[in-house]
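This report concerns only the one structure given below.
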Amino acid sequence: MATAALLEKEARVTHKTATESMKALVFRGPNQIGIEKVPLPKPGYGEVVIKVTLTTICGTDLHILGGEYPVRPGLIIGHEAVGTIHEIGRGLTGYSVGDRVLVGAITPCGQCEFCLDGHLAQCGGSIGGWRFGNTINGAQAEYLLVPYAQANLAKIPSELRDEQVVLLADIASTGFSAAESGGVKMGDSVAVFAQGPIGLCATVGAKLRGAALIIGVEGDEFRRSLARKMGANFVFDPADPLLIEKIKRAAGGKGVDVAIEALGLQETFEAALRSIKPGGTLSSLGVYSGKLSIPLEPFAAGLGDHKIVTTLCPGGKERMRRLMELVRQHRVDLVPLLTHNFPLERITEAYQLFGSRKDNVIKVAIRVGT
Ligand SMILES: [Zn+2]
Ligand SMILES: [Zn+2]
């Protein structure tokens, strides 16, 4: 009897331990990632823990994996999450356990000087709004602790599926922001350099803003076909020596109103600058490494009335609500960008595929707990 009671107690303890741990993708150092059992997070004041149902892998995660963007070993990476509310900390109103929510990659506090000045991504300081998988544990896990939850949990309309909203957390918000920050107006001509996941979203953003002419620049055949599907009138080859001439000719001879750089290379930055008309705008999304220099001739030695703007992904629940509304009202459909599917348990294979760019991969859906 005593032994049976002891066994039962042990079983309870084991069960308790099992429910308090979770599977997560942990970064241990450059090129060292793997699924590990880690403690389940507990929400503190103003925080919520969500049970993740769908996440994805971002190009930035590849930079982390490669050691080019340093984060601390032991960190759970990933910054895009759809899920249901699992546990609510103190100080939250208007949310219930079980609510389906989308959380942006950028989680602003909504209170600081930068947030209140409209620069949510720069919350607390330079790039400070990017917390998940950067300064705090991220979304490639069974559960995710969301800081400043009142400002960051966007409830998902019941008619929308996880797949329809997961890309809004980062690439859509970022890609669309290039057209917004670039001030694209109805009837404008826009060139988008590179049609990877973010460039494709920039193409969609230019279309949403009412651009009359959208020129994609991309060499990969599958990405070129997607660019046309998502709104590009033409797609030009970046290797074409007459590229700039062709862009200018397509835009009526003087250049485009707005050029969007979505790759992060000196070469594409320069090509974007060369393709804009006097007074035009270069809207830059790329993440550059090393040195970026501005050639003086296309910059008209600084006298061309050019604007160069940069944007990090806009976040916060109001941004997510607006983006979901675009999907709900059938203005945007990003599901074609989710080309592959993996369970969380096989996420390292998904990293390999995403990093290799093989098999026409654009974005991978990572299913959690299904
Ligand atoms: Zn990202
Ligand atoms: Zn803030």
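The values are calculated or read from the model by the stated rules, or taken from the named source; none is laboratory data. Keep in mind it's a predicted model, so treat the numbers as computed, not measured. Reconstructed Cβ throughout: ideal geometry from the backbone, glycine too, with neighbour counts over all protein chains shown. Note: accessible area is taken over every heavy atom of the protein model, side chains too, but ligands, DNA and RNA are not part of it. Shrake-Rupley method; radii C 1.70, N 1.55, O 1.52, S 1.80 Å.
Extension gain, LEU116 to VAL309, is 67.5 nm, computed as 0.36 nm per intervening residue step minus the present C-alpha separation. The residues of segment 199-307 have, on average, 47 Å² of accessible surface per residue, using a 1.4 Å probe with all protein chains present.
When a/c is below 1.5 the answer is rounded, else prolate if a/b is larger than b/c, else oblate, so apply that to segment 278-365 with a ≥ b ≥ c taken from the square roots of the Cα gyration tensor eigenvalues. Cα axes put segment 278-365 in the oblate bin.
Under a Gaussian network description of the chain, with springs only between Cα atoms under 10 Å, the residue in THR203, THR268, THR55 that fluctuates furthest is THR268.
If only the Cβ of Lys and Arg carry +1 and only the Cβ of Asp and Glu carry -1, the dipole of the chain around its Cα centre is close to 460 debye.
Helix 347-356 and the longest principal axis of the C-alpha atoms of the chain enclose an angle of approximately 10°.
What share of Cα pairs, in percent, lie more than 17 angstrom apart in segment 140-180? Of the Cα pairs, 50 percent sit more than 17 Å apart. For the chain, the longest principal axis of the Cα atoms and the long axis of helix 197-208 meet at an angle of about 60 degrees.
On the beta carbon distance between THR93 and GLU267, with R0 = 56 Å, the FRET formula returns roughly 0.65. With coordinates expressed along the principal axes, the C-alpha atoms belonging to segment 123-163 extend over 37, 21, 16 Å, beginning with the largest. Just check segment 170-239 against the gyration tensor rule for me: Cα atoms, a ≥ b ≥ c as the square roots of the eigenvalues, rounded for a/c under 1.5, and otherwise prolate or oblate depending on whether a/b exceeds b/c. Oblate. Classification of segment 175-299 by its C-alpha gyration tensor yields a rounded form. The axis ratio a/c (a ≥ b ≥ c) stays under 1.5. Computed from the Kirkwood radius of its Cα pairs, the Stokes-Einstein diffusion coefficient for segment 85-213 at 25 °C and 0.890 mPa s stands at 150 µm²/s. Within the listed set ILE276, ILE294, ILE76, the Gaussian network model of the chain (springs between alpha-carbon atoms below 10 Å) gives the highest mean-square fluctuation for ILE294. Note on the chain: Cα-only Rg and Dmax are 22.1, 91 Å. Once the Cα atoms are used to define both axes, helix 171-181 deviates from the longest principal axis of the chain by about 40 degrees.
A simple charge model with +1 on the Cβ of Lys and Arg, -1 on the Cβ of Asp and Glu and nothing else charged puts the dipole of segment 31-89 at about 180 debye relative to its Cα centre.
With a Förster radius of 41 Å applied to the C-beta separation of HIS330 and ASN31, the computed FRET efficiency comes to 0.45. For GluC sites (Glu not before Pro), the sites in segment 96-159 that DSSP calls loop and that have at most 12 other Cβ atoms within 10 Å are GLU159. Under a 10 Å cutoff between Cα atoms, tell me which one of ALA232, ALA178, ALA105 has the largest fluctuation in the Gaussian network model of the chain. Maximum fluctuation in the GNM of the chain, among the listed residues, is at ALA232.
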